[in-house]
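Colleague: Next up is a structure, given as structure tokens.
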């Protein structure tokens with residue numbers, strides 16, 4: 001079942017019903033100002049940081065879903081409705097939402113009045129534009145009242161649920177003509193404010209939420225709209241909103257346009273006030289004056305579309321498969337860039353209150369957009385490298401803007417530092433810029449301990465080989481996500497069970513997956529230093545890499561597939577000896593990617609086992625059989641119900657590893673079959689099952705052991721976008737950057 005269709009010419013997804021299985025969203029913004037917007041205009045926006053600079057309030061996990069956004073109400077006689085369907089949810093004779101690259105257009109028609117709203121963030125400006133176009137399609141004069149509505153967040157998002165008592169005492173606004181200024185906190189430490197304005201004189205306004213809605217009404221039937229008149233309320237300490245009312249008369253077949261601007265402004269601390277108590281509006285007026293006319297808005301949206309055209313033209317494919325073309329040329333690229341912009345933190349499934357990002361995921365993500373934005377990739381690499389610890393352990397969560405990791409780092413994440421080598425090698429292959437290795441980079445943002453980036457890579461490589469276990473395999477240490485096993489196999493408090501914990505004294509638990517990753521990524525390190533003329537060091541590195549590869553073959557092979565780990569007691573996990581969790585997908589993919597077992601048939605047997613035991617109509621499950629009860633030795637893998645997340649869910653992040661592995665063995669049919677099962681465009685026909693957006697990857701799809709098999713979860717900001725682009729572009733289509741040029745080696749299906 002479909003809820004829309006692709007418009008490849010316009011590079012848009014066209015949604016034809018507001019009642020999608022869940023909110024289908026888009027992201028707006030290319031610089032510092034970003035927005036999330038759903039197909040019914042829900043969502044929020046922020047400046048740089050959704051934690052400290054959230055502009056619009058949004059209520060997560062609410063009933064009904066997707067509450068609060070940029071809403072408009074149309075009132076004609078006693079009838080009122082919303083052109084974006086929500087919040088009123090009154091029937092529309094026509095509805096359409098077009099999610100494009102950096103913009104969204106929502107159109108609603110009722111009683112012969114067509115209202116179309118264009119939402120976008122203009123390049124180089126800290127604001128959202130809401131262009132409202134109204135057309136009277138009847139042969140009668142229409143007199144209507146239009147109401148706008150946004151609710152302001154009091155800046156620090158965590159305080160929305162933490163400090164409600166204070167929120168009721170701090171809200172503050174100013175009103176100047178058609179502009180409503182949100183200046184909560186401005187009188188004290190803040191020097192920033194927000195505003196919402198319209199380019200017409202208004203007949204009324206409201207800034208107090210309760211005055212607008214009424215004490216016991218909701219946004220579907222607010223007091224002001226049902227009564228047909230604004231109250232001109234000024235909030236003092238309450239919940240600040242911005243609502244305008246405008247009375248419009250439209251002759252038959254007549255049209256008109258309004259331009260609303262939702263903006264963010266910072267003033268110098270010494271220049272905060274026009275006069276005491278009145279904010280300095282000079283910078284706000286500059287933004288307002290820039291977009292006062294429809295012509296200026298049209299110029300800005302054209303500039304935005306040209307920006308994306310130029311960016312996406314770097315890599316294109318033309319094939320006989322339109323779904324492949326639209327994924328590679330448009331939506332996969334778009335998702336990679338958006339994910340890079342937002343650091344995997346601002347989602348409908350993540351409140352944005354976590355200021356840190358995953359070190360491993362962000363290094364992996366770089367390979368998916370470096371060909372589009374090489375300088376952005378360079379900056380990100382240096383920022384991530386600055387979060388490494390001096391002993392080249394790593395904080396799994398770091399703050400790229402602050403260039404450091406969490407204040408309380410968790411030790412012994414033995415595999416994570418390797419991904420810095422991966423991102424640097426991807427950057428050098430794509431750009432040929434070897435000078436990045438000479439950049440002086442601090443450890444944990446401590447300039448007194450700064451070293452060239454190459455030294456960071458060397459310490460990262462050595463960190464792994466200095467932490468090998470009894471079988472010569474990398475110590476398991478603490479791990480997370482697709483490697484959610486821990487060397488501490490003993491119980492930990494329930495409230496921490498989904499996180500990580502390590503037995504610091506353990507030198508027993510070992511990871512076959514980390515061993516394979518080390519062989520694969522370590523080989524890139526050896527190639528880099530060899531090209532720099534460090535022949536002796538490269539030869540030594542290759543010896544260490546071979547030793548680990550041999551250990552993986554000797555101790556990691558279970559007869560039909562590679563095992564996952566040895567636990568703290570030396571027992572195998574991911575072995576045919578286990579009752580549950582006999583086989584895991586990740587080590588099969590990465591062992592083959594590392595070239596382990598290709599020559600002696602192990603690789604082919606491992607992939608045959610994957611096809612036989614892990615494959616489903618919706619993709620490859622992460623393990624099988626699923627864990628039916630919680631087990632201390634496998635931790636997070638058994639903490640979810642069977643078929644969900646790490647417990648036999650279908651991870652769109654690691655499925656591409658199997659795709660790449662299949663191409664290495666020349667299995668183009670199997671590779672493309674795996675690719676199609678999780679690629680969003682190929683799942684459009686089953687949107688009622690898939691539920692999430694059919695134009696971007698989700699983190700995971702529910703596995704075969706669950707009732708909701710095939711349902712996707714956690715869309716948009718996932719490194720799955722990067723890995724799937726690499727799998728299809730570099731390995732199926734076969735266009736791969738190398739240190740000395742470009743290799744063309746496709747492995748396409750028959």
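Colleague: Run through every distinct alpha carbon pair of region 664-750 and return the Kirkwood hydrodynamic radius in angstroms, one decimal place.
Modeller: Averaging 1/r across every pair of different Cα atoms and inverting gives 14.2 Å.
Colleague: Run through all the Cα pairs of region 1-140 and give the fraction in each 10 Å bin from 0, expressed as whole percent.
Modeller: Taking every Cα pair in region 1-140, the percentages come to 12, 41, 34, 12, 1, 0.
Colleague: Over what distance in Å are the Cα centres of region 636-660 and region 282-338 separated?
Modeller: The distance from the Cα centre of region 636-660 to that of region 282-338 comes to 33 Å.
Colleague: Can you give me the P(r) profile for region 4-310? Cα pairs, bins 10 angstrom wide beginning at 0, each as a whole percent.
Modeller: Answer for region 4-310: a P(r) of 6, 28, 38, 22, 5, 0 percent.
Colleague: Still on this structure: Could you tell me the distance between the Cα centroids of region 109-157 and region 197-212, to the nearest Å?
Modeller: Using only Cα atoms to place each centre, the spacing works out to 14 Å.
Colleague: Obtain the radius of gyration and the Kirkwood radius of region 523-670 from its C-alpha atoms and give Rg over Rh. Walk me through the intermediate numbers first.
Modeller: Details: Rg = 16.8 Å, Rh = 16.3 Å.
On the Cα set of region 523-670, Rg over Rh gives 1.03.
Colleague: Can I ask one more? Find the relative contact order for the chain and round it to a whole percent, using C-alpha pairs within less than 8 Å whose residues are 6+ positions apart. Walk me through the intermediate numbers first.
Modeller: Numbers: 1723 pairs, mean separation 69.3, N = 750.
Relative contact order of the chain: 9 percent.
Colleague: Roughly how many Å is it from the Cα centre of region 711-750 to that of region 604-624, as a whole number?
Modeller: Cα centres, region 711-750 to region 604-624: 20 Å.
Colleague: So what's the convex hull volume per residue for the Cα atoms of region 85-230, in Å³?
Modeller: Output value, Cα hull per residue: 157 Å³.
Colleague: As a test of the formula, what do you get for the chain when each DSSP H run with n ≥ 4 contributes -39,500 (n - 2.57) and the sum is divided by the residue count, at 222 nm and rounded to the nearest 500 deg cm²/dmol?
Modeller: Values: 20 runs with 207 residues, N = 750.
Calculated at 222 nm, the ellipticity per residue is -8000 deg cm²/dmol.
Colleague: Once you place label points 7 Å from the Cα toward the Cβ at residue 319 and residue 16, how far apart are they in nm?
Modeller: A separation of 2.7 nm, rounded to one decimal place.
Colleague: For labels at residue 571 and residue 77 in the simple 7 Å Cα→Cβ model, what's the distance in nm?
Modeller: 7.5
Colleague: In region 602-750, if every C-alpha pair distance is counted and binned at 10 Å from zero, what percent goes to each bin?
Modeller: Taking every Cα pair in region 602-750, the percentages come to 12, 39, 34, 13, 2, 0.
Colleague: Hey, with R₀ at 30 Å, roughly what FRET efficiency would residue 191 and residue 161 work out to, going by the Cβ-Cβ distance, to 0.05?
Modeller: Efficiency, rounded to the nearest 0.05: 0.70.
Colleague: Along the Cα→Cβ direction, 7 angstrom out, place labels at residue 742 and residue 138. What is the inter-label distance in nm?
Modeller: That separation, rounded to one decimal, is 5.9 nm.
Colleague: Roughly what angle does helix 453-465 make with the longest principal axis of the chain, taking Cα atoms, 0 to 90 degrees, to the nearest 10?
Modeller: The answer is roughly 50 degrees.
Colleague: What do you get for Rg/Rh of the chain when both radii come from the Cα atoms and Rh is the Kirkwood radius?
Modeller: My calculation of the ratio gives 1.00.
Colleague: Per 0.36 nm of contour for each residue apart, how much would the distance between residue 466 and residue 229 grow if the chain were fully extended, relative to their Cα-Cα spacing?
Modeller: Difference between extended and current length: 78.1 nm.
Colleague: Next question. Extension gain residue 612-residue 446, at 0.36 nm per residue separation less the Cα-Cα distance, in nm?
Modeller: Fully extending the segment from residue 612 to residue 446 adds 54.7 nm.
Colleague: Write down Rg/Rh for region 256-313, rounded to two decimals, with Rg from the C-alpha atoms and Rh from the Kirkwood relation over Cα pairs.
Modeller: Rg divided by Rh gives 1.15.
Colleague: With contacts defined as alpha carbon pairs under 8 Å and 6 or more residues apart, what's the relative contact order of region 536-679 in percent?
Modeller: Reported relative contact order: 19 percent.
Colleague: In addition: Enter the angle in degrees (range 0 to 90, nearest 10) between the Cα long axis of helix 535-556 and the first principal axis of the Cα atoms of the chain, meaning the one along which they spread out most.
Modeller: 90
Colleague: When the chain is fully extended, how far beyond the present Cα-Cα distance does residue 390 get from residue 247, taking 0.36 nm per residue of separation?
Modeller: 45.1 nm
Every read-out reported here was derived from the displayed coordinates using simple, explicitly stated rules and does not represent laboratory data. All of these numbers come straight from a predicted model, not from anything done at the bench. In this analysis, Cβ positions are derived from the backbone assuming ideal geometry, glycine residues included, and neighbour counts consider all displayed protein chains.
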